[in-house]
Structures are given as C-alpha cells and as structure tokens.
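Here the structure comes first, spelled out in structure tokens, and everything after it is commentary.
The values are calculated or read from the model by the stated rules, or taken from the named source; none is laboratory data. As the structure is a computational prediction, the values presented were derived from the model and not from experiment. All Cβ positions, even for glycine, are placed from backbone atoms using ideal geometry, and neighbour counts span all protein chains on display. For the accessible areas, the whole protein counts, side chains as well, though only heavy atoms, and no ligand, DNA or RNA atoms are used. Shrake-Rupley method; radii C 1.70, N 1.55, O 1.52, S 1.80 Å.
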Amino acid sequence: MGVIVQVLNFISQEILNVPAYLIGIVAVVGLIALKRSAGQVISGGLKAAMGYLILGAGATVVTAALAPFGELVLKSTGAHGVVPTNEVITAQASNQYGATSAYIIVLSFVVMLILARFTPLKYVFLTGHHMVFMSTLLAVVLSVGLGSQNQLLVILVGSALMGVLMVVLPSFAQPFMNRITGNDKLAIGHFNTLGYIISGAVGTQVGKKSKSTEDINFPKGLNFLRDSMVSTTLLMVILYFVFSIWGAIVLPAKTAFAIFASGPKDYGAFFMAAFAQALQFGIGVSIILYGVRIILGELVPAFQGIAKKVVPGAKPALDIPIVFPFGANASLIGFLSSFAGGLVALVIIAVWLGPAWGVALILPGMVPHFFDGGGAGVFGNATGGRTGSVVGGFINGMLITFLPAALMTVMGSFGIANSTFGDADFGWFGTIVGNIAHLGPMGGAIGLIIFALILFAGAWIWQVRVVNAGWLPAKEHADFIQSVKDAEKAEKEAKRNAKKAAAAQA
C-alpha cells in the first residue's frame, strides 16, 4: 500500500502537477499519432512544454508584482479577513490529505480520458495545477462529510466527481469559447468556468450595441496605448502610485516600507519600488502572451493527431490565459471590474452578511481577480463588447467573493483557516459536494453519484443539441460588430476614392 501511495504521489506531484510536462506529453503523443519524424516529435514536445513554462514564468512575475500591491491595498484601507489563495490552502491541506488527493487526481484523469473517448464530451483537461487544487478540495470536503475513516469511498467518489467535472465544464463554456476564438479547436480548462459562462451570458443581454474593447479609438496623441504592453503597464503604474500615496499618508513609515521586499528606507525609494513592481507586472503579462502563442503553435497541430488516433475529435481544455490574446484590452478591463466587484461584495459581507449570518470576510485576492476577472472580461467582450466586459468582470468579482465564503462552511477545520480556494467553481461545486456528503457515508455517496450523473447528462444534452449543432451566443452583437467593421471599411474606401479623384482633377 505504501509503495502504491508513493508511486501515485510521484505521478500526481511530479508529472500531473507540472502542466508543462503534461502539455509536452500531449504534444508528443499527438505528433507520434501524426507520424512525424523523431526530430519533429522531440522539437514539438519540448517547444510545447517550454511554451507552458514561459506562460508559467509570466504568471509568476505577475503574481510577484501583485503580492505587494494587494498588501498595500489591504493595509492602506485597513481591511482584515480571509484572502482566497489556492496555493496556500492546498499547501495547508497537503499534510493531512496529500495521499487522498494523489489517488483522486490520478484516477480522475483516467475517468476523464475514458469519458472523452467514448462520449460526445471530447475534452481533455490539461491545466495540471487546477487539477491538483480540485483534488485537494474534494479530499477535504469529502473526508469531512463522508468521514476520513472511509478513505476508499472518498477516493472513488472524488475521482468520479472530478473526472466528470473536467469534461462537463468545458462543454458548457464551449459556445462562448467558439465566439471568442472564431473556431471550434480550443476549450477552456480552468475552474472559474461559472464566472466565464455568466460573463458571456450577461454580455449577450447588456451589450448588444456595444463596440469591442479592442476597437477603442484613442486620440492620435494616445496611439501608443494601443500597445497592450504599454497600456497595461501604464495602468498599473497609476494604480500603484495612487495606493502608494494613500499608504504613505495613512501608514507608519516602517509599515509602508516593509511592504516591498527591498525594504526602502525613505519615501523616494518607496515610490520607486512601487514603480518597479508596476513595470514587472507589465513584463509578466507580455511573457504570458508570448507563451500562449508558442503553445498554440505547437499544441493545436499535435492535437490533430490525438483527435484522429487516441481520442477522436478531442479538444484541449487549457488555462485561462489562452484567451487573453483574443482581447488584451478586455482582459485588463475585466481585471479592474472584477476587483471593483470584489470590493462591493466585501462591503456587503462586512455590513450585512457577516453580522447577520456569520459569513467570513473574503478579501480581494489580486491573483484570482487578475486571471479570473481578465478571462471574464474577454468572455463578456466577445458577446457584449465594452459593456459586457465591464459588467461581466464585475459580476465575476462578486462571485469569487461570495462563493469562497460559502465554501468555508463545509471545510471542517480548514473553514477557519486564513485562506481558502479562490475561483468560482471551487466555491459552488465544493459547497454542493460538501453539503451532500454530510448526508453520511451511504446517503452522501449515493447523492453525490446522482449529482455527478445529473451534471453529466446535462452536459451530454448540451453538447449534442447546442455545441455540435453549431449554436453561437450573441448573434445580434456579432452582426452589429460586423456592420461597424463594414461601415469603417466603406468609409476608408470612400476616402481613398476621393483622394484619387482629387489627384486626377489636379
């Protein structure tokens, strides 16, 4: 038993826990299926893995730049509470539930591949770190509900639930992904899918005549803002300086200076440290976008081989930064709107839900708001333009504040920890699973299997009748955007003809 646990731990922690390895393996399998040469297989596998490592490096830079910003905001405003951070709560739970989560992640991956091979839900979830987070969450809430002494039952039920979830969620989000990308080749594999679906759905209602965020017409003197790297960095410079000035006014100098790792000794160095972190944020975003381009260039062709040989018709379900290049401005707008939504939700909890119902005070986590909010902004923009991006991002921010608070009620001793899971799907799925599990070992297990079957049946029907039928959301908005483009094209053509006519007369 101990050897098996060690092997499963190695597979889950050293391979499946490293998305780059998973991406590289998938690329290699696909290229072999396409009967490419050994050199092409090695090159494609390495480049795919390196692309994901580049993406991860960018995410690390962004996270490092956001950490002092989040601390600056919280200390300046005086807010106290729980900060949702997936990595922190996973680390806290790993000592007690590490072996259980290892079994769940490996077996759920097998379940997912079987479902993708033999059902219409042909999605392969490839976001390894989110698989680790979800397996840990399920290990915690199922152990609390079904009983930690029923480890085998926890593993079997958890594996079935997670395997189903990894093919169900990409299916429900696929029409919106198709609207974003313009084709049916990519899926989203990120456990904030509820936020993205709601953002896309809301966009269809609020932004029917709203122009795209990517068509913002800047004055000629501001044309440099069309460069996403410049505009993103400039915005973070402004935000950092606003809160740095606020912090310099309300915080003791020693407390303010300690926020930055360099430990500046005077206010001049303090403000320059804030400026340097803002630049690091812009660099991180640019690295992410570069890594995404490499992944797409290597993984999509390789998946043609998997689709033909291993899992016919399979689509890779990838991490949320994969959509950022389809809406650079939208991702930034979504981030800011999500953060604003988180602040509003924080006030609601502090003023009403906390005192009345004892709901935990969930503070805005910069990392989930950036990635989840940025993704929600892209989904909202695809269906509702600028209005959809703002409203969708705002609603996402409220979701990833309220749902983690609800999740803490089913996490046992971890419900009073100083961190929790931060993305929407962890919140709604974990809360439902935890409450059903509290029916007891027998009743809870039966209830959870029924819950998984309902999700699976709903996704199967959705996939066949909606996704496979080619339905796309926000047709009215898409027609509006096309009409705007046609009008702009006609206007440019008319100007060119007028210039030619004037030149001919001269």
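Being touching a residue at least 12 places away in the same chain (Cβ under 8 Å), over 22 Å from GLY70 (Cα atoms) and surrounded by 21 or more Cβ atoms within 10 Å (Cβ to Cβ) holds for only one residue in LEU332, LEU318, and it is LEU318. Of all residues in segment 365-377, exactly one satisfies the criterion of being open to solvent by less than 10 Å² (accessible area, probe 1.4 Å) and either touching a strand residue (DSSP E or B) at 6+ places or on another chain (Cβ under 7 Å) or outside any helix (DSSP H, G or I) (or both), namely GLY365. Across segment 74-89, the qualifying residues are those that are at pLDDT 80 or above and in a helix (DSSP H, G or I), and the one among them that is farthest from VAL359 (Cα to Cα) is SER76. The numbered conditions (1) open to solvent by less than 10 Å² (accessible area, probe 1.4 Å); (2) farther than 26 Å from LEU55 by Cβ are all true for HIS130 except (2). Considering ALA502, ALA478, the condition of being touching a residue at least 40 places away in the same chain (Cβ under 8 Å), more than 30 Å from GLY145 (Cβ to Cβ) and in a helix (DSSP H, G or I) is satisfied by ALA478 alone.
Scanning segment 133-154 for residues that are aliphatic (A, V, I, L, M), open to solvent by 10 Å² or more (accessible area, probe 1.4 Å) and in contact (Cβ under 8 Å) with a residue 40 or more places away in the chain yields a count of 2.
Considered as a group, the residues in segment 460-475 that are under 20 Å from PHE379 (Cβ atoms) and touching a residue at least 12 places away in the same chain (Cβ under 8 Å) include one that is surrounded by the fewest Cβ atoms within 10 Å (Cβ to Cβ), and that residue is TRP471. For segment 463-475, filtering for residues that are among the aliphatic types (A, V, I, L, M), over 15 Å from VAL168 (Cβ atoms) and assigned to a helix (DSSP H, G or I) leaves 0.
Residue-by-condition table, conditions (1) over 25 Å from the mean Cα position of the chain (by Cα); (2) at pLDDT 95 or above:
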position: THR409; (1), (2): no, no
position: SER419; (1), (2): no, no
position: ILE446; (1), (2): yes, yes
position: ILE449; (1), (2): yes, yes
position: ILE454; (1), (2): no, yes
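Hey, any hits in segment 181-189 for a residue that's of a type in the set (Asp, Glu), farther than 17 Å from LEU472 by Cα and open to solvent by 50 Å² or more (accessible area, probe 1.4 Å)? No, every residue in segment 181-189 fails to be of a type in the set (Asp, Glu), farther than 17 Å from LEU472 by Cα and open to solvent by 50 Å² or more (accessible area, probe 1.4 Å). Inspect all residues belonging to segment 453-467 and state whether any of them is under 30 Å from ILE216 (Cβ atoms) and out of contact with any strand residue (DSSP E or B) (no Cβ under 8 Å at 6 or more places or on another chain). No, the conditions are met nowhere in segment 453-467. Residues in segment 229-263 that are modelled with pLDDT under 80, among the polar types (S, T, N, Q) and in contact with a Phe, Trp or Tyr (Cβ under 9 Å, 6 or more places away or on another chain) were compared, and the one that is nearest to VAL62 (Cα to Cα) is THR232.
In segment 191-215, the residues that are open to solvent by less than 10 Å² (accessible area, probe 1.4 Å) reach residues that are of a type in the set (Lys, Arg) with C-beta atoms within less than 6 angstrom, at least six apart or across chains, in these pairs: THR213/ARG386. Considering the conditions (1) farther than 30 Å from LEU153 by Cα; (2) of a type in the set (Gly, Ala, Ser); (3) in contact (Cβ under 8 Å) with a residue 12 or more places away in the chain, GLY39 is excluded by exactly one of them, (3).
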